[in-house]
Amino acid sequence: MYRQHRERFLALLKEQHAVAVVPTATPKTRNHDSEYRFRPDSDFWYLTGFAEPESVLVILPSLGEDESDEIILFLRESDRDKEVWTGRRLGIDRAASELAIDLAFPIEELWTRLPDLLSGYERIVYSTGQDEETDRQMIRAINTLRRKARGGLRPPVELIDHVPLVHELRLFKDEREIECMRRAAEITTEAHLAAMAETQPGVREHEIDALLDYTFRRRGSTGPAYGNIVAGGANACILHYHENDQELRDGELLLIDAGAEWSYYASDVTRTFPVNGTFSPEQRAIYEVVLEAQLAGIEQVKPDVSFISIHEAALAKIVDGLLALGLLEGSRADIIEHERYKRFYMHKTGHWLGLDVHDCGYYSEDGRSRALKPGMTLTVEPGIYVAADDETVDARWRGIGVRIEDDLLVTEAGHEILTEKIPKSIEDVEAACRGAFLVGAQ
């Protein structure tokens with residue numbers, strides 16, 4: 001899979017007469033001398049499938065008919081003493097055969113070798129702004145090339161961002177990537193079902209948070225795709241709530257926004273359900289509006305339909321529902337034109353999904369919303385949020401926050417809902433809260 005990704009990228013580099021330099025992420029300090037669990041840069045992983053830090057991929061298209069393309073990886077050498085402390089390393093000797101690359105060199109040699117490797121190319125594809133020290137070293141390498149130009153070598157004339165190249169490739173998933181995302185969705189399904197069955201009055205948000213993480217890791221996931229949102233009651237009206245430390249109360253809803261990664265490919269799912277297992281009339285009313293909006297958005301997911309159509313379809317249902325409930329007044333057209341719905345629905349209805357939970361790829365082309373194409377993966381996630389302190393609405397609505405989110409693949413025939421096994425109808429959600437969907441449940 002990664003070799004195929006490199007081949008597609010290489011073809012684009014040849015069109016640009018460019019060489020590519022793609023570093024992985026740098027380790028991040030958590031506090032003092034403790035680091036977060038390392039995660040490779042998504043673009044680097046897309047092209048290599050290699051998860052060690054201190055690594056840089058260099059892709060060199062051939063400069064003439066007598067030359068060959070070269071894929072070079074700079075990485076850490078095997079070191080028995082260091083491996084005892086920080087874990088096993090692939091090493092230089094095994095890198096070429098195990099990663100299907102041409103050459104491997106020690107990472108310490110990168111900046112001495114790089115000027116010669118870059119020589120002869122018009123452009124360098126490199127993303128600045130990820131790491132200051134790496135940026136400084138790259139500038140030094142380019143300046144070295146410029147000095148050599150006095151001896152007859154032509155230096156590169158342009159440094160170009162990788163985003164229009166790699167990110168457009170990443171927007172369209174191949175079958176192996178889709179399988180990774182299906183696996184992430186399967187694990188996420190198990191975690192959400194476990195959370196619904198475990199939730200009851202008196203349980204705290206952090207207990208459900210821990211259950212989600214446990215399920216993700218127990219099933220072999222590379223971990224959560226993002227920080228879990230476990231938001232009880234009015235906390236659900238905070239879109240990126242992360243404290244996850246409050247007690248869950250009888251009569252309130254619990255909103256969970258959480259997804260697993262598989263081989264660093266993300267799932268992103270939100271479900272909202274009653275803490276005591278039964279929706280109140282007001283909760284049910286708002287939930288049904290959001291569900292109808294989500295189904296309307298999902299119906300738009302098919303080839304050649306614009307991305308914005310998903311939001312427009314869901315928004316129309318949201319506004320109609322808020323009017324019917326008396327939470328808004330006026331006409332649908334006027335409310336949408338003046339964005340008066342944003343008191344209750346302040347975000348868009350979805351985003352691209354892949355190696356990043358808010359994945360890369362442009363949302364518009366030539367000034368228009370982008371048309372959906374087979375192989376794209378995205379979320380559909382409308383919501384309604386009535387703030388607990390909103391005194392302009394009847395007290396019975398305050399503090400209710402509902403979001404419903406699924407992961408979809410655009411197919412030739414329409415779409416596939418990767419997360420369709422996670423209950424979301426009123427009846428199925430209440431049954432899931434009783435544990436009816438757990439493996440082995442009667």
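From the residues in the range 210-241 that are in contact with a Lys or Arg (Cβ under 8 Å, 6 or more places away or on another chain) and among the aliphatic types (A, V, I, L, M), which one is farthest from G383 (Cα to Cα)?
The qualifying residue farthest from G383 (Cα to Cα) is A234.
Scan the range 278-288 and give yes if some residue there is part of a strand (DSSP E or B) and surrounded by 20 or more Cβ atoms within 10 Å (Cβ to Cβ), otherwise no.
Taking every residue of the range 278-288 in turn, none turns out to be part of a strand (DSSP E or B) and surrounded by 20 or more Cβ atoms within 10 Å (Cβ to Cβ).
Looking at L315, L327, L322, which is the one that is in a loop (DSSP other than H, G, I, E, B) and crowded, with 20+ Cβ neighbours inside 10 Å?
L327
So, in the range 258-277, how many residues would count as being among the hydroxyl-bearing types (S, T, Y) and not in a loop (DSSP other than H, G, I, E, B)?
3
Determine which member of the set A191, A210, A197 is of a type in the set (G, A, S), touching a strand residue (DSSP E or B) at 6+ places or on another chain (Cβ under 8 Å) and assigned by TED's automatic domain parsing to the domain that holds L353.
Only one candidate passes the filter, namely A191.
Going by the structure shown, is V269 touching a helix residue (DSSP H, G or I) at 6+ places or on another chain (Cβ under 7 Å), more than 21 Å from Q200 (Cα to Cα), surrounded by 18 or more Cβ atoms within 10 Å (Cβ to Cβ) and touching a residue at least 12 places away in the same chain (Cβ under 8 Å)?
Criteria not met by V269.
Of all the residues that make up the range 336-367, how many are touching a residue at least 24 places away in the same chain (Cβ under 8 Å), part of a loop (DSSP other than H, G, I, E, B) and in contact with a strand residue (DSSP E or B) (Cβ under 9 Å, 6 or more places away or on another chain)?
Counting residues in the range 336-367 that are touching a residue at least 24 places away in the same chain (Cβ under 8 Å), part of a loop (DSSP other than H, G, I, E, B) and in contact with a strand residue (DSSP E or B) (Cβ under 9 Å, 6 or more places away or on another chain) gives 16.
Quick test for you: out of F50, F44, F74, pick the one residue that is part of a strand (DSSP E or B), at pLDDT 95 or above and among the aromatic types (F, W, Y).
None of the others qualify; the one that does is F74.
Considering only residues that are surrounded by fewer than 21 Cβ atoms within 10 Å (Cβ to Cβ) and in a helix (DSSP H, G or I), which ones fall in the range 104-127?
Correct list: I107, E108, E109, W111, T112, R113, P115, D116, L117.
Exactly one condition in (1) of a type in the set (S, T, Y); (2) assigned to a loop (DSSP other than H, G, I, E, B); (3) under 11 Å from V301 (Cβ atoms) is false for T392; which is it?
(3)
Any residue at all in the range 187-204 that's loosely packed, with under 15 Cβ neighbours inside 10 Å, farther than 29 Å from E405 by Cβ and more than 27 Å from the chain's Cα centre (by Cα)?
no
Are there any pairs, at least 6 apart or on different chains, whose C-beta atoms fall under 8 Å, with the first in the range 107-130 and without any contact (Cβ under 8 Å) to a residue 60 or more places away in the chain and under 13 Å from V56 (Cα atoms) and the second surrounded by 14 or more Cβ atoms within 10 Å (Cβ to Cβ) and among the basic types (K, R), and if so, which?
Cβ pairs passing all conditions: I107/R76.
Checking the structure you have, find out if any residue of the range 206-226 is at pLDDT 95 or above and within 23 Å of W397 (Cα to Cα).
No; the residues of the range 206-226 include none that is at pLDDT 95 or above and within 23 Å of W397 (Cα to Cα).
Of all residues being assigned to a helix (DSSP H, G or I) and of a type in the set (G, A, S) in the range 83-103, which is nearest to E52 (Cα to Cα)? Just the residue, please.
Out of the qualifying residues, it is A95.
What's the number of the only condition in (1) within 28 Å of D394 (Cβ to Cβ); (2) in contact (Cβ under 8 Å) with a residue 40 or more places away in the chain that V305 fails to meet?
(1)
Tell me, please, whether a residue that is modelled with pLDDT of 95 or more and in contact with a Cys (Cβ under 7 Å, 6 or more places away or on another chain) can be found in the range 175-188.
Scanning the range 175-188, I find no residue that is modelled with pLDDT of 95 or more and in contact with a Cys (Cβ under 7 Å, 6 or more places away or on another chain), so the answer is no.
Could you tell me whether L378 is within 18 Å of the chain's Cα centre (by Cα), touching a residue at least 40 places away in the same chain (Cβ under 8 Å) and surrounded by 19 or more Cβ atoms within 10 Å (Cβ to Cβ)?
Considered against the rule, which asks whether it is within 18 Å of the chain's Cα centre (by Cα), touching a residue at least 40 places away in the same chain (Cβ under 8 Å) and surrounded by 19 or more Cβ atoms within 10 Å (Cβ to Cβ), L378 comes out as yes.
The values are calculated or read from the model by the stated rules, or taken from the named source; none is laboratory data. Every value quoted in this text rests on a predicted model; they were computed, and no experiment measured them. No Cβ is skipped: glycine too gets one built from the backbone with ideal geometry, and neighbour counts run over all protein chains shown.
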